[in-house]
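The values are calculated or read from the model by the stated rules, or taken from the named source; none is laboratory data. Worth saying up front: this structure is predicted, and the values here are computed from it rather than measured. Counting neighbours? That spans all protein chains shown, and the Cβs are built from the backbone with ideal geometry, glycine included. What goes into the accessible areas is simple: the full protein's heavy atoms, side chains included, and nothing from ligands, DNA or RNA. Shrake-Rupley method; radii C 1.70, N 1.55, O 1.52, S 1.80 Å.
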Amino acid sequence: MPENTAPAPPEPTHLRLALEVPRWAWGAYLRHLPLVAGVSLVPAAERFAVALWGDSLAPATHTALEVLAQSARVVLVVLLVRVLVLADAEVRAGAAAGFGPRIQAFLDRRWPSVVLQAGLLLALTAVSTVVPEWLVPLWIPASAHDLYWAVLLAAKNVTVIAFALVWVVAAVRQALAEGGRLLPGAARSGGRG
């Protein structure tokens with residue numbers, strides 16, 4: 001008697017996979033807003049201060065502030081990996097396969113979604129640069145440009161830059177989870193969840 005098996009779920013489209021990451025990243029950004037915004041306030045404050053008073057800062061102070069800002073971003077990425085990737089049940093489900101094989105399986109079979117995702121991230125970068133940095137200043141009096149620039153840099157560190165970091169971590173999460181499902185034997189261990 002033939003074994004009754006449920007049909008395999010349809011292969012996800014590359015566009016759906018590409019759109020899944022920013023959608024998931026947006027939800028993660030909002031769920032972890034205190035963490036993301038809190039850590040991002042360090043580079044935001046640094047950018048604000050340097051934009052307004054950078055010319056009067058000693059070179060050593062300027063360098064120390066830049067190191068502090070970049071260190072805060074590294075800390076944020078480490079925390080995001082811990083909270084969004086290492087604690088994720090889908091990622092942990094394929095942990096026995098290892099990091100490299102899952103990433104490789106994802107890149108081998110789903111590389112077009114990575115290309116689409118990169119295009120989406122570039123589009124976000126373009127919009128978040130062109131409008132606030134090139135267009136809005138045209139309508140602001142010259143006397144307010146320094147303050148506008150300082151506020152813009154601070155705001156972008158808590159919003160656009162922080163979200164982009166969440167997005168990149170979410171992309172790694174997707175590659176690990178989806179790559180784990182693509183490896184031989186994955187269907188026997190639960191398939192797509």
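Quick notes
- Here the Karplus relation 6.51 cos²θ - 1.76 cosθ + 1.60, evaluated at θ = phi - 60°, turns the backbone of segment 170-184 into coupling constants of 5, 5, 5, 4, 4, 4, 5, 5, 5, x, x, 6, 7, 6, x Hz, with x for every Gly and Pro.
- Highest mobility in the GNM of the chain, judged by mean-square fluctuation with C-alpha springs under 10 Å and restricted to Gln117, Gln174, Gln70, is found for Gln70.
- Peptides 94-100, 123-129 ordered by average Cβ neighbours within 10 Å, highest first: 94-100, 123-129
- Cβ-based net charge around Asp108, under 15 Å, with every Lys or Arg adding one and every Asp or Glu removing one: +2
- Which of Ala142, Gly38, Ala96, positive extreme of dipole for the chain (C-beta unit charges): Ala96
- Out of every Cα-Cα pair that segment 21-128 contains, those further apart than 19 angstrom amount to 63 percent.
- In Hz, Karplus ³J(HN,Hα) per residue of segment 106-115 (6.51, -1.76, 1.60; θ = phi - 60°; x = Gly, Pro): 5, 5, 5, 9, 10, 4, x, 5, 5, 5
- Surface composition of the chain: carbon and sulfur make up 72 percent of the accessible area, probe 1.4 Å.
- The phi-based Karplus calculation (6.51 cos²θ - 1.76 cosθ + 1.60; θ = phi - 60°) puts the 3J(HN,Hα) values of segment 41-52 at 5, 5, x, 5, 5, 5, 5, 4, 5, 5, 5, 8 Hz, whole numbers, x for Gly and Pro.
- Test item: Cα-centred dipole of segment 1-156, Lys/Arg +1 and Asp/Glu -1 on Cβ, debye: 260
- Surrounding net charge for Pro22, when Lys and Arg each add one and Asp and Glu each subtract one, Cβ distance under 13 Å: +2
- Among Val115, Val39, Val21, residue whose mean-square fluctuation peaks in a GNM of the chain (springs only between Cα atoms under 10 Å): Val115
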